[in-house]
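Peer 1: The structure's right below; bear with me while I get my questions together.
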Amino acid sequence: KQDDDQLIIDAGQKQFGATTCSSCGMIYSADNPEDNFQHTQFHQRFLDSIKFVGWKKERVVAEFWDGKILLVLPDDPKYAIKKAEDVRCVADSELGFQQVTLSRAAQAKTYLFINTERMVVGCLVAEHIRQAYRVLEQPDQHKDMTKDDFMERHRAWCCSTVLEKALCGISRIWVFSQARRQGIATRMLDTVRSTFIYGSHLTKNEMAFSDPTPDGKLFATKYCNT
Ligand code: ACO
Ligand code: ZN
């Protein structure tokens, strides 16, 4: 009987000891060897995916003191396509997207933000579209909802029923967790606006975000209103 009680207590402590890695985002129990092993593997794969060794031909579309933005197009060399895909997979797994193939991969343009430590810390996938539902700003009155509830309502809320003209659809935007709130997403979007259609500058209204996450919506609302 005493053994049973002991078991329950141990299980509880394991739950309690769950940690989230601030780099790769994996939730694991640091005092469980199997979990630790899984994390080490996942962490390494994550770092490999965002590592940038430099390419023979790089399409640099913007340069900053803390990094640069490269554009990868569908007909680019294999090494560039592979890196864009690897980073997109990292982003997708964080966004909880199951699907690995893009709806219109052949036309997608991928923007990668490379920092001075040679890591891909930002990824944005843009596609040509003709129309989109406008994202509406809504007050968040449900502070005590579960995450699922929140997502559910959020998605139901966020779009008007009126189709509006748009030219560029942002199907993914992701910034490495440790590089957020440094204007990387803002700079990637500004760069998309000036380079997406050759010779023209898109307005914020001509951009549309597909199915934004809570983070994505907070960012998009801020971006579109400034
Ligand atoms: N909470 C509140 N406000 C925010 C947030 C947030 N999490 N993120 C951005 N903002 C607002 C802020 O006002 C910010 O300005 P400030 O830092 O001066 O206050 C402004 O937006 C600009 O933010 P950036 O620094 O340019 O954005 P960042 O580089 O941090 O990237 C992003 C934002 C892409 C949403 C990032 O948090 C991320 O990758 N999140 C996880 C993945 C995700 O949810 N992506 C969006 C999916 S939706 C889609 O792909 C269509
Ligand atoms: Zn990790």
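The values are calculated or read from the model by the stated rules, or taken from the named source; none is laboratory data. Here the structure is a predicted model, which means the values were calculated and not measured. We place every Cβ from the backbone using ideal geometry, glycine too, and count neighbours over all the protein chains shown.
Peer 1: Which number in (1) near ligand 1 (Cβ under 8 Å from one of its atoms); (2) surrounded by 18 or more Cβ atoms within 10 Å (Cβ to Cβ); (3) among the aliphatic types (A, V, I, L, M) marks the one condition that Ala208 misses?
Peer 2: Every listed condition holds for Ala208 apart from (1).
Peer 1: Filter the range 178-222 down to residues that are over 20 Å from the mean Cα position of the chain (by Cα) and of a type in the set (A, V, I, L, M, F, W, C) and give me whichever is nearest to Val125 (Cα to Cα).
Peer 2: In this case the residue turns out to be Ile197.
Peer 1: Here are Glu152, Glu137: which of them is modelled with pLDDT under 70 and either in a loop (DSSP other than H, G, I, E, B) or touching a Gly at 6+ places or on another chain (Cβ under 6 Å) (or both)? Give the steps one after another, and end with the answer.
Peer 2: On the way: Glu152 fails: either in a loop (DSSP other than H, G, I, E, B) or touching a Gly at 6+ places or on another chain (Cβ under 6 Å) (or both).
It is Glu137.
Peer 1: Name every residue in the range 175-205 that is β-branched (Val, Ile, Thr) and either on the phi > 0 side of the Ramachandran plot or within 7 Å of ligand 1 (Cβ to nearest atom) (or both), in order of residue number.
Peer 2: Val175, Ile184, Thr186
Peer 1: Just a yes or no: is a residue in the range 63-83 small (Gly, Ala, Ser) and under 20 Å from Gly122 (Cβ atoms)? Step through it out loud before you land on a result.
Peer 2: Narrowing the range 63-83 to residues small (Gly, Ala, Ser): 67, 80.
Within this subset, residues satisfying the condition of being under 20 Å from Gly122 (Cβ atoms) are 67, 80.
Checked the range 63-83: at least one residue is small (Gly, Ala, Ser) and under 20 Å from Gly122 (Cβ atoms).
Peer 1: Tell me which of these Leu112 doesn't satisfy, since it passes every other one: (1) in contact with an Asp or Glu (Cβ under 6 Å, 6 or more places away or on another chain); (2) at pLDDT 85 or above.
Peer 2: (1)
Peer 1: With the structure loaded, tell me whether Ala208 is assigned to a strand (DSSP E or B) and in contact (Cβ under 8 Å) with a residue 60 or more places away in the chain or whether it fails that test. Reasoning before the result, please.
Peer 2: Details: assigned to a strand (DSSP E or B): yes; in contact (Cβ under 8 Å) with a residue 60 or more places away in the chain: yes.
Yes.
Peer 1: Also: Restricting to the range 191-205, what's the tally of residues that are in a loop (DSSP other than H, G, I, E, B) and in contact with a helix residue (DSSP H, G or I) (Cβ under 7 Å, 6 or more places away or on another chain)?
Peer 2: Within the range 191-205, the subset in a loop (DSSP other than H, G, I, E, B) is 196-203.
When the remaining residues are screened for being in contact with a helix residue (DSSP H, G or I) (Cβ under 7 Å, 6 or more places away or on another chain), the result is 201-202.
Residues in the range 191-205 being in a loop (DSSP other than H, G, I, E, B) and in contact with a helix residue (DSSP H, G or I) (Cβ under 7 Å, 6 or more places away or on another chain): 2 in total.
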